[in-house]
Amino acid sequence: MTYPADVYKYGSITLWLALMLPVCGIVYAYVFLPVLIKAEVTNLYGYFEKRLSSTCRILTSVIFTVMVVFYGPVVIYVPSLAFKQATGVDVLIVAPVISAICLFYTAIGGIKAVIWTDTFQFTGTVLSTLLITIIGIISVGGIETVWNTSMAGQRLDIFNFRFDATARDTFWSMIFGATIHWSCFTITNQAEFQKCQSVSTLKKAQFCVVLYGFGVGALVFLTVVNGNIMYTKYSKCDPLSTRQVYRDDQLLPYYVLDTSREIPGLPGIFIAGIFCAALSTYSVVLNAVAGVIYEDYLKRFLSPEKQKNREGAILKTIVCYGVVSTLLVLLVQSLSEIVPFMITVQAIGKGCILGLMILGVLVPVANSKGAICGAIVALVLMSWIGFGRLWYSLEGTLRDASKPMS
């Protein structure tokens, strides 16, 4: 939903990310995953307690919990917005319904239900993305038309080698910044670690992670293609300038609905694909956050008798998190751009956890005191940079980095 709109406005430099994602998968599979599996921890952040200290474990768990509090509402909001554009039903009506459906099957079925539903939802996501890409190319006159129009509109200007820290996107910010950012999604992701643990052997888990890297890379490539198709279609009449849409993240649903006027059923396939992606992501987040909160917080304060009712405690945690996520949709609705906000929040939190993970796995002399000091400095510095950027963006003092709209 958001990456094609980003490409539409700012160009295809995200293409470098698609090329680096397999590298992220390979590094995780053969450098970090064997160490984590060997540590025999049920919780990713339990590794920090074994390697460094219980304080490091609590710190990383708190960071993870705060991040998913902001991440959940985005996952609910995006499909609700697409559904609103297709049907006119308000976001604040759709969001609680999505949350309730996901809460139900995640709470009842646990990780097994999450993995099975993920399998079907993955299929829906990929098929809808491929279908929209193919129909989009046909609707604008073929790949050559997309290429020529995108070149003329500077959308394929991806060889920006400037060493400029103030530039929105450069080759270097994608190769290094985006690669590290997506390494955070793999290496420090409790949800991904849970799935790796559910596979019978380390070799199978490594194969899954490598496949994930190539698969997500391919999906990001398709979003770049879709962004350029959208620009080709609207290069002479920009929907944002003409106020057909008011937010960047409304561009893709608008484009699909506009393209599908002569193709009955396409909007439904698109909405189904968006919902598959959202439910898949949200169910994994629910399962992961419930496990972390129970293991790292609740278990420390529950008596052995109360620990026997583990399922009840986890169920309550899932429901509470679902309610908070649904309420925070109101906050997400006020954001003008979702991608920069999510990258900022994820970078501050997961960047810190990734630093600790690299320190723990690759630096044998590292100790708890040094790790905690480094983590605190990282959190403060990255919060200043990240939220400072968002503040100036809201103030309207940042220069507009968007490409020409026609």
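The values are calculated or read from the model by the stated rules, or taken from the named source; none is laboratory data. The shown structure was predicted, so the numbers you read here are calculated from the model rather than taken from an experiment. Glycine also receives a Cβ, built like all others from the backbone with ideal geometry; neighbour counts cover every protein chain displayed. SASA here: full protein model, heavy atoms, side chains in, ligands and nucleic acids out. Shrake-Rupley method; radii C 1.70, N 1.55, O 1.52, S 1.80 Å.
Selection of the stretch 150-186 for residues being among the polar types (S, T, N, Q) and open to solvent by 50 Å² or more (accessible area, probe 1.4 Å) yields GLN154, THR166. Which one is surrounded by the most Cβ atoms within 10 Å (Cβ to Cβ) among residues in the stretch 1-22 that are closer than 12 Å to ALA218 by Cα and among the aliphatic types (A, V, I, L, M)? Here the answer is LEU21.
Select from the stretch 187-218 the residues that are more than 20 Å from VAL41 (Cα to Cα) and among the β-branched types (Val, Ile, Thr) and write down the one among them that is surrounded by the most Cβ atoms within 10 Å (Cβ to Cβ).
Within the stretch 187-218, the subset more than 20 Å from VAL41 (Cα to Cα) is 207, 210-218.
Now restrict to residues that are among the β-branched types (Val, Ile, Thr): 210, 216.
Working: VAL210: 16, VAL216: 19.
Within the stretch 187-218, the match that is surrounded by the most Cβ atoms within 10 Å (Cβ to Cβ) is VAL216.
With respect to the conditions (1) more than 18 Å from the chain's Cα centre (by Cα); (2) within 30 Å of ALA107 (Cβ to Cβ), VAL284 falls short on a single one, namely (1).
In this structure, is VAL41 over 18 Å from the mean Cα position of the chain (by Cα), farther than 30 Å from TYR231 by Cα, assigned to a helix (DSSP H, G or I) and of a type outside the set (Phe, Trp, Tyr)? In short, no. Within the stretch 118-141, being in contact with a Leu (Cβ under 7 Å, 6 or more places away or on another chain) and closer than 29 Å to LEU327 by Cβ holds for one residue alone: GLN121.
Among the residues in the stretch 81-91, are any open to solvent by 40 Å² or more (accessible area, probe 1.4 Å) and within 25 Å of TYR297 (Cβ to Cβ)? No: zero hits.
For LEU356, the stated conditions hold: it is under 22 Å from the mean Cα position of the chain (by Cα) and modelled with pLDDT of 90 or more.
Would you call VAL41 open to solvent by 10 Å² or more (accessible area, probe 1.4 Å), more than 21 Å from PHE161 (Cα to Cα) and touching a residue at least 40 places away in the same chain (Cβ under 8 Å)? Step through it out loud before you land on a result.
Numbers: open to solvent by 10 Å² or more (accessible area, probe 1.4 Å): yes; more than 21 Å from PHE161 (Cα to Cα): yes; touching a residue at least 40 places away in the same chain (Cβ under 8 Å): no.
No.
For beta carbons closer than 7 Å, sequence separation of 6+ or different chains, a first residue in the stretch 199-220 that is farther than 21 Å from HIS181 by Cα and a second that is of a type in the set (Gly, Ala, Ser) and at pLDDT 90 or above, the qualifying pairs are VAL199/ALA205.
Take the conditions over 16 Å from SER53 (Cα atoms), among the aliphatic types (A, V, I, L, M) and assigned to a helix (DSSP H, G or I) and apply them to LEU379. Does it pass? Yes, satisfied. Within the stretch 245-280, if we keep just the residues that are free of Cβ contacts under 8 Å to residues at least 24 places away in the same chain and not in a helix (DSSP H, G or I), the residue that is least open to solvent (accessible area, probe 1.4 Å) turns out to be VAL245. Candidates VAL74, VAL94, VAL114: the one that is free of Cβ contacts under 8 Å to residues at least 60 places away in the same chain, surrounded by 18 or more Cβ atoms within 10 Å (Cβ to Cβ) and either part of a helix (DSSP H, G or I) or of a type outside the set (D, E, K, R) (or both) is VAL94. Considered as a group, the residues in the stretch 189-206 that are of a type outside the set (Asp, Glu) and under 13 Å from the mean Cα position of the chain (by Cα) include one that is farthest from ILE26 (Cα to Cα), and that residue is ALA191.
Kindly indicate whether any position in the stretch 90-104 is farther than 26 Å from VAL329 by Cβ, touching a Lys or Arg at 6+ places or on another chain (Cβ under 9 Å) and of a type in the set (Asp, Glu).
As a first pass, look at the stretch 90-104 and keep what is farther than 26 Å from VAL329 by Cβ: none.
No, the stretch 90-104 contains no residue that is farther than 26 Å from VAL329 by Cβ, touching a Lys or Arg at 6+ places or on another chain (Cβ under 9 Å) and of a type in the set (Asp, Glu).
Residues that are surrounded by fewer than 16 Cβ atoms within 10 Å (Cβ to Cβ) and free of Cβ contacts under 8 Å to residues at least 24 places away in the same chain within the stretch 332-357 comprise just one, SER334.
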